[in-house]
């Protein structure tokens, strides 16, 4: 989620880097494409893993109830309250950058015509909710099949590797089906999600779910593979460069390398985080909790600060860094002092108390 803030800080919402600086345009474009190429696939793979873990522990009904509280309800409230803020933030950014802002949209009329409402960056919550519901239906049917015929159920469980291969192939097919996307997945901002985009992310979600064993652990084969995070990182970098270089001369070839880049980057990142973040750290948990709030609320601030720095006599990378910092700092402060221990924080991440950190230290001792 934090990479999403960086990605949007680099994106040209305001014309603050509309200059003749070819290096600036190229650098920002490469950054956006590289981050976009693996960020959301990784998110949906992890979401699939933890959805399966919750199902293993509590069952399908509890999974749906939990995701309704943590995903569907925040999505609905965000559509009501954050989407208007995005429009106002964009108008302020336009004015600060010297443009004449357009007339603000009537959000109430948009809500009445819900199927024409743009979900902006909130689309991922809607898609996650749909995928969780589909997963709950699939595992319920699978349980019924296993009860009716244990032999068939055992045969299905033994085909996990074949299923993963099929889902990887499905993501390749999905990448080619998203003709509106030059690099990475396309966008689907409407309530009626684009089928190609939904199918693409469903492949990553499904692999994440299958990787979750009944005890909630990753398969030993995958753990051994992710230990080689250094060569995996090198391979992901090479694949990303090849995919980027092939966009202009041969987009079809580039699409294939884009998907392989996403999968290898995911393996590399899993290895990096297992190597450096496998032990419990309070600040990592805190930042993980805060990232949900940051991603929901960041876009209006990004618009405002892009407009603010548009005419500052600074290099493009300094402006990008300032936009990122100006957005992150107030949101982190509001999370700690106005969200974390309030009903909003409970809605997003579950109940947190000020004694959590003290208890974690006692447990560590």
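Can you classify the range 31-81 as rounded, prolate or oblate using the Cα gyration tensor, where a ≥ b ≥ c are the square roots of its eigenvalues, rounded means a/c under 1.5, and otherwise it's prolate if a/b beats b/c and oblate if not?
oblate
Tell me, 283, 55 in order of fewest to most beta-carbon neighbours within 10 Å?
Listed from fewest to most nearby Cβ atoms, that is 283, 55.
On a 0 to 90 degree scale, rounded to 10, what angle separates helix 160-177 from the longest Cα axis of the chain?
The answer is roughly 30 degrees.
Taking the Cα atoms of the range 168-233 alone, what are Rg (to one decimal) and Dmax (as a whole number) in Å?
15.1, 40
Given the peptides 317-325, 133-141, arrange them by the average over their residues of other C-beta atoms within 10 Å, most packed first.
The packing order, highest mean first, is 317-325, 133-141.
Top mean-square fluctuation among 220, 84, 231, Gaussian network model of the chain, C-alpha springs under 10 Å?
With Cα springs under 10 Å in the chain, the top fluctuation among 220, 84, 231 is at 220.
What translational diffusion coefficient, in µm²/s and rounded to a whole number, does the Stokes-Einstein relation yield for the chain at 37 °C and a viscosity of 0.692 mPa s, taking the hydrodynamic radius as the Kirkwood radius over Cα pairs?
The estimated diffusion coefficient comes to 147 µm²/s.
Alpha carbon centre of the range 224-249 versus the range 69-102: separation in Å?
Each part reduced to its Cα centre gives a spacing of 35 Å.
Among rounded, prolate and oblate, which fits the range 244-365 when a ≥ b ≥ c are the square roots of the eigenvalues of its C-alpha gyration tensor, a/c under 1.5 means rounded, and a/b larger than b/c means prolate?
Oblate, because a/c is 1.5 or more while a/b does not exceed b/c.
On the principal axes of its Cα set, how long, how wide and how thick is the range 27-167? Give whole Å, largest value first.
The Cα atoms of the range 27-167 stretch 69, 40, 24 Å along their principal axes.
Using a/c under 1.5 as the rounded threshold, could you call the range 113-233 rounded, prolate or oblate? The axes a ≥ b ≥ c are square roots of the C-alpha gyration tensor eigenvalues, and prolate needs a/b larger than b/c, oblate otherwise.
Judged from the Cα gyration tensor, the range 113-233 comes out oblate (a/c at least 1.5, b/c at or above a/b).
Using the per-residue mean of other Cβ atoms lying within 10 Å as a proxy for protection, in what order, highest first, do the peptides 153-166, 265-278 fall?
Final packing ranking: 265-278, 153-166.
Angle between the Cα long axis of helix 282-309 and the longest principal axis of the chain, 0 to 90 degrees, nearest 10?
Helix 282-309 sits at roughly 30 degrees to that axis.
So what is the 222 nm mean residue ellipticity for the chain from helices alone, if each DSSP H run of at least 4 adds -39500 (n - 2.57) and you divide by all residues, rounding to the nearest 500 deg cm²/dmol?
-24500 deg cm²/dmol
Starting from the Cα gyration tensor of the range 220-298, multiply each eigenvalue by 5, take the square root, and state the resulting semi-axes largest first in whole Å.
They are 29, 20, 9 Å, listed largest first.
For the peptides 45-54, 201-210, what is the packing order when you average, over each peptide's residues, the other Cβ atoms within 10 Å and list the highest mean first?
Descending mean neighbour count gives 201-210, 45-54.
Hey, what angle do you get for helix 316-334 against the long axis of the chain, alpha-carbon based, 0 to 90 degrees rounded to 10?
70
For residue 138 paired with residue 162, estimate the spin-label separation in nm (one decimal), with each label point 7 Å from Cα along the Cα-to-Cβ line.
1.6
Where Rh is the Kirkwood radius over the Cα pairs of the range 173-275, the temperature 4 °C and the viscosity 1.567 mPa s, what D in µm²/s does Stokes-Einstein return?
87
Here, each number is a calculation from the coordinates, and none is a lab measurement. As the structure is a prediction and not an experimental result, all values here were calculated from the model. Neighbour counts are summed over all protein chains in view; Cβ atoms, including those assigned to glycine, are modelled from backbone coordinates with ideal geometry.
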